[in-house]
1. Any idea what angle helix 129-142 forms with the longest principal axis of the chain, computed on alpha-carbon atoms, 0 to 90 degrees, nearest 10?
2. I'd like the orientation of helix 167-180 relative to the chain: the angle between its Cα long axis and the longest Cα principal axis, in ° from 0 to 90, rounded to 10.
3. Tell me the label-point distance for the pair Ser149, Glu79, using the 7 Å Cα-to-Cβ offset, in nm and rounded to one decimal.
4. Given the convex hull of the Cα atoms of the chain, what is a quarter of its surface area in nm²?
5. Among the aspartates and glutamates, which fall within straight-line cross-link reach of Lys162, defined as a Cα-Cα distance under 20 Å, with same-chain neighbours fewer than 8 residues apart omitted?
6. Whole-Hz Karplus ³J(HN,Hα) for segment 104-112, in order, using 6.51 cos²θ - 1.76 cosθ + 1.60 and θ = phi - 60°, x for Gly and Pro?
7. Excluding residues fewer than 8 places away in the same chain, name every one of the lysines whose C-alpha is closer than 16 Å to that of Lys262.
8. Can you work out the Karplus-derived ³J(HN,Hα) for every residue in segment 46-58? Use 6.51 cos²θ - 1.76 cosθ + 1.60 with θ = phi - 60°, whole Hz, and x for glycine or proline.
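Read-outs: derived from the displayed coordinates by stated rules, not from any lab. Small disclaimer: the values here were computed from a predicted structure and weren't measured. Every residue, glycine as well, gets a Cβ built from its backbone with ideal geometry; the counts of neighbours run over all protein chains shown.
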Amino acid sequence: MWLRASCLLKFEIEIPTPFILMLRPKSGAQQWVARDEFNVKPAIPVEEFTDDYGNICQRLIAPPGNFEIKTTTTVKTAEFVNVEPYAPFVEIQHLPHYTLSYLLPSRYCESDRFSELARFITADQVPGYNQVAAIEAWLRDTISYIPGSSDYPISAIEVNYKQSGVCRDLAHLGIALCRSLSIPARMVVGYLYELEPMDMHAWFEAYVGGRWYTFDATQSKPKGGYVAIGYGHDAADVAIYNQFGPSVIPTVQKIKVKQIKKDL
């Protein structure tokens, strides 16, 4: 599936304001970026770097006045996510080193507080993929997904208490439950084709059977069309922008994702 995804952010800046952005996807095991455009108005210097998670990030200082960021990417991604019932649990001693930090509690995923609930949800499930699928189903059936209901991240404990949240919140709780079972889990942020209402999206991946698998409790069934921009332990690692100084919010935020025909 070929997709063209775009993001437009407009700000009104009062004083020179440093930004760190995460708006450019990169090619990987489940997507291939054919074309990527990144533009700012007015034109100013932008420094690009790769963070500790392999995400492509940009640094800049936005000048006072109207400031605009626009990105467009053309990417080939899977029409369906991989589903692998009975993919086995990977014992800790056999996990790749790069997955180990995704076993630990993090700011928004207090996995050390969810062992009892995780065992209840996954009772009688085969260790591995089936446990994560049971967690995903429990989230879908138990936690109300309410787009636009939260402007700031809340932790897994808060989500479980409220019994509702946005996509990011459901992912936090899913990650915490997986980690409490010693299954590495990480947050992903990006685009999702045909998401309603259209916005940036968040989901989680769990490492079982020797690879990462996609899970998204906001969707009624597995589907394709995901374009990953950033990976991290939780929302603190994958914000599409961080700004420093007096708080600013976008005056305009437009996200578009459409399917296209692509001849190579």
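1. Approximately 70 degrees, to the nearest ten.
2. Approximately 40 degrees, to the nearest ten.
3. Label-label distance for Ser149 and Glu79, simple model: 3.4 nm.
4. Result: a mean projected hull area of 14.2 nm².
5. Excluding near neighbours in sequence, the set is Glu110, Asp112, Glu116, Glu136, Asp141, Asp151, Asp216, Asp234.
6. Once rounded to whole Hz, the list reads 9, x, 9, 3, 9, 10, 7, 5, 6.
7. Within reach: Lys76.
8. Once θ is set to phi - 60°, the couplings for segment 46-58 become 10, 9, 10, 8, 10, 7, 5, 9, x, 7, 7, 10, 10 Hz.
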